[in-house]
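See structure below.
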Amino acid sequence: MCGSPRRAAKAQATASTCAASASSPNSRPAAGAVDAAVVRTAPPPRPRAVTASTHIGGARNRPITSSACSGRIDEKTLRRLVDRSIDGGVDGVVACGSTGEFAAMSAAERRHVVETVVDQTVGRVPVVAQTGALSTREAVELSRHAQEAGASVLMVVAPYYEPLTLDETLRYLRTVADAVDIPVMLYNLPGATGVNLSPDTVGQLAREVENIQYIKDTSADMTQAGQLIHRHGDVISTFVGWDSLLLTAISEGAAGVMAGTANVMPAELVSIHRALRSGELDRARAEWARIWPLMDAMMSAPFIPAVKAALDATGFPVGEPREPVLGLDADTTARISSLVEALSELSTPR
């Protein structure tokens, strides 16, 4: 989930690994958290004339970037978090997503996180780098760096401070995509950007720009996701970016889901995705019902602090959110911790 620190964090929710969050100077050393996404392993809808073509699918996690007491990114913990996600079965990781608190990081930190995540994956899964920024120039620079660092796909959110017109947003997206050779994933996050990319607009853009191959839709609107899947599935693969819609989205035919909650329960979300893909709907529903109370609790609270609190409860501490976002109140923390403890398999660090 990528955008403004709090609204975007709330909106992030499916599977891909995003790295990057730092705790405040007064917090304990942070470990790092992951954004996860479920992705399709089938080829994209149609051939694309790009220098590097990557087919992504399955379950993806967006890692949270941890920071030490000094406020610097805790690279060691971030690397452990990437490994935890991959060991949990995710099919890809996203560096610098919203759950990774990219909006509270400097450009140098974002570059460092992308380089670290690419290095740690060692080619085991594709790395999606979120490179959207407040200016077109910075987004292009971050995108070119991510391509050079070895990212498989770029995820690009629109500028999230000054509300843009649709024409301005489309010009920005075209410019960034044209600046690189690798595939691009549009990041539709209307709650943070003020602009909703409608299904028909997305379809038109994918037909015009060859390396725009994917979209992460974090509108939380399954009607819109359904239109993307069924009207424009021949030109773009849809990932739903709202964790609590995983069961519905995959059943509907989404390529995958990108979930910040996969930082906490990667293996569980992957198992549900696999069950749905293999037609085991009853098993998927039963597993979903089991994790739903924890999923609902995290989605109902401020998202970044909720994911960090849940990770802490598993025995994998990642520190406090980077300010101005604050940690959860004591009651919410206790509730999430008790729900983690109820899922005994989550309580052992991986």
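The values are calculated or read from the model by the stated rules, or taken from the named source; none is laboratory data. Just so you know, these numbers come straight off a predicted model, no measurement behind them. Heads up, the Cβs are rebuilt from the backbone with ideal geometry, glycines too, and the neighbour counts pull from every protein chain shown. Only protein heavy atoms, including side chains, enter the accessible area calculation; ligands, DNA and RNA are left aside. Shrake-Rupley method; radii C 1.70, N 1.55, O 1.52, S 1.80 Å.
Would a scan of region 256-267 turn up a residue that is open to solvent by 10 Å² or more (accessible area, probe 1.4 Å), under 20 Å from the mean Cα position of the chain (by Cα) and modelled with pLDDT of 95 or more?
Filtering region 256-267 for residues open to solvent by 10 Å² or more (accessible area, probe 1.4 Å) gives 267.
With under 20 Å from the mean Cα position of the chain (by Cα) added as a condition, the list becomes 267.
Then keep just the ones that are modelled with pLDDT of 95 or more; that gives 267.
Yes, region 256-267 contains a residue that is open to solvent by 10 Å² or more (accessible area, probe 1.4 Å), under 20 Å from the mean Cα position of the chain (by Cα) and modelled with pLDDT of 95 or more.
Suppose we keep only residues that are under 20 Å from GLY150 (Cα atoms), in contact with a strand residue (DSSP E or B) (Cβ under 9 Å, 6 or more places away or on another chain) and open to solvent by 10 Å² or more (accessible area, probe 1.4 Å) within region 62-109. Which one would you say is modelled with the lowest pLDDT?
Ranking the candidates gives ASP91 first.
Which residues, counting only those in region 215-235, are surrounded by 24 or more Cβ atoms within 10 Å (Cβ to Cβ) and in contact with a Gly (Cβ under 7 Å, 6 or more places away or on another chain)? Walk me through it before giving the result.
Step one: list which residues in region 215-235 are surrounded by 24 or more Cβ atoms within 10 Å (Cβ to Cβ), which gives 215-218, 225, 228.
Matches in region 215-235: LYS216, ASP217, THR218.
Scanning for something open to solvent by less than 10 Å² (accessible area, probe 1.4 Å) and under 21 Å from LEU246 (Cβ atoms), does region 316-334 turn up at least one residue?
Checked region 316-334: no residue is open to solvent by less than 10 Å² (accessible area, probe 1.4 Å) and under 21 Å from LEU246 (Cβ atoms).
I'm told ALA310 meets every condition in (1) under 17 Å from LEU343 (Cβ atoms); (2) among the small types (Gly, Ala, Ser); (3) free of Cβ contacts under 8 Å to residues at least 40 places away in the same chain except one. Can you identify the failing condition by its number?
The number of the failed condition is (3).
Return the residues of region 300-315 that are in a helix (DSSP H, G or I) and surrounded by fewer than 20 Cβ atoms within 10 Å (Cβ to Cβ); say none if nothing qualifies. Even if it seems obvious, please write down each step before you answer.
Initially, region 300-315 is screened for residues in a helix (DSSP H, G or I), giving 300, 303-314.
Answer for region 300-315, where residues must be in a helix (DSSP H, G or I) and surrounded by fewer than 20 Cβ atoms within 10 Å (Cβ to Cβ): just SER300.
Just to check your reading of the model, which residue among VAL176, VAL127 is touching a residue at least 40 places away in the same chain (Cβ under 8 Å), open to solvent by less than 10 Å² (accessible area, probe 1.4 Å) and over 24 Å from GLN224 (Cβ atoms)? If you could, list the steps in order and put the result at the bottom.
Details: VAL176 fails: over 24 Å from GLN224 (Cβ atoms).
On inspection, the qualifying residue turns out to be VAL127.
Mind checking which strands (runs of 3 or more DSSP E) fall wholly inside region 156-273 and carry at least 2 residues that are more than 30 Å from THR314 (Cα to Cα) and not basic (Lys, Arg)?
The qualifying strands (runs of 3 or more DSSP E) are 184-188, 212-217, 237-240.
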